[in-house]
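One structure is given here, and the rest of the page talks about it.
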Amino acid sequence: MMKEGLLLVISGPSGTGKGTVCKELLKSEKDIKLSVSATTREPRNGEVNGINYYFLDKDTFERQISEDEFLEYAKVYDNYYGTPKKYVIDEINEGNDVLLEIDIQGALQVKEKYPKGIFIFILPPSMNELKKRIVGRGTESEESISKRFGSALDEINYVKEYDYFVINDTVEKAVEKIRGIIRSEKCKVNENIEDLISKFKEEISC
Ligand code: ADP
Ligand code: 5GP
């Protein structure tokens, strides 16, 4: 059996910097495959269909739910967001590492279905800094800012369900910590170790 890739799940409250940190991580870790999510929200300025998200209308999204095409999906701030299942499964089975950047409800669904995943929670350095980041991003209305900030405190409690937490003080430090997590996970003894043992055995018998 081929060695499965790692499923890395990065989540945390809106505005903590998940998107920024993931983008930076992928610049240096070229072999990690990013799962592009589907959403019913409107594209923001500069966002491209198929790169940032698959932008779907509500009917199409709901049809895909009924056809079991999502590994997980959730309603986040009145819009649907979901992870297309086929891409993730195919890449992991090919031995590639896959990164999901999703909200907490979605991450908990993935944990149920694929507990071998590595669940990383991004925290802000402080609540004050979180508010500054949400406002500073400039993509949200007043109402959306207070909705997102209001949910953040409740959401932070869910860090207990994760394997790792990473405080995003500076992007560089946060990325370095995630690289460290990935390195450790690659050295973890699990069912994949059988492949390595077989390889050593084969070498001796040759
Ligand atoms: P999320 O994906 O978690 O919603 P973003 O990646 O969109 O968050 O980041 C929210 C805002 O905070 C953006 O304006 C981003 O540039 C900024 N930001 C992200 N990480 C940091 C950091 N380490 N220090 C300062 N600002 C940051
Ligand atoms: P945004 O609208 O700012 O791009 O994303 C809003 C929230 O939706 C973020 O917390 C983001 O992580 C989350 N999100 C993005 N894609 C998915 C997905 O496929 N599934 C789930 N559950 N959440 C997602």
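Test D78 against the stated conditions and say whether it is more than 8 Å from ligand 2 (Cβ to nearest atom), closer than 29 Å to I156 by Cβ and either at pLDDT below 95 or in contact with a helix residue (DSSP H, G or I) (Cβ under 6 Å, 6 or more places away or on another chain) (or both).
So D78 passes the test.
Taking the options K186, K160, name whichever one is at pLDDT 95 or above, of a type outside the set (G, A, S), open to solvent by 30 Å² or more (accessible area, probe 1.4 Å) and within 19 Å of the chain's Cα centre (by Cα). Walk me through how you get there before you give the answer.
Values: K186 fails: at pLDDT 95 or above.
Checking each option against the conditions leaves just K160.
Can you confirm whether region 33-43 contains a residue that is in a strand (DSSP E or B), open to solvent by 40 Å² or more (accessible area, probe 1.4 Å) and either within 16 Å of ligand 1 (Cβ to nearest atom) or over 24 Å from G12 (Cα atoms) (or both)?
yes
Identify, from the list S146, S198, S141, the residue that is surrounded by 13 or more Cβ atoms within 10 Å (Cβ to Cβ) and at pLDDT below 95.
S146
Do we have R63 as surrounded by fewer than 14 Cβ atoms within 10 Å (Cβ to Cβ) and on the phi < 0 side of the Ramachandran plot here?
yes
Just to be sure before I move on: is G15 modelled with pLDDT under 95 and buried (at least 18 other Cβ atoms within 10 Å of the Cβ) in the structure I sent?
Working: modelled with pLDDT under 95: yes; buried (at least 18 other Cβ atoms within 10 Å of the Cβ): yes.
The answer is yes for G15.
The values are calculated or read from the model by the stated rules, or taken from the named source; none is laboratory data. A quick note: this is a predicted structure, and the numbers were derived from the prediction, not measured. As a convention, Cβ positions derive from the backbone with ideal geometry for all residues, glycine included, and neighbour counts pool all protein chains shown. We work out accessible area using only protein heavy atoms, side chains counted, and drop any ligands, DNA or RNA first. Shrake-Rupley method; radii C 1.70, N 1.55, O 1.52, S 1.80 Å.
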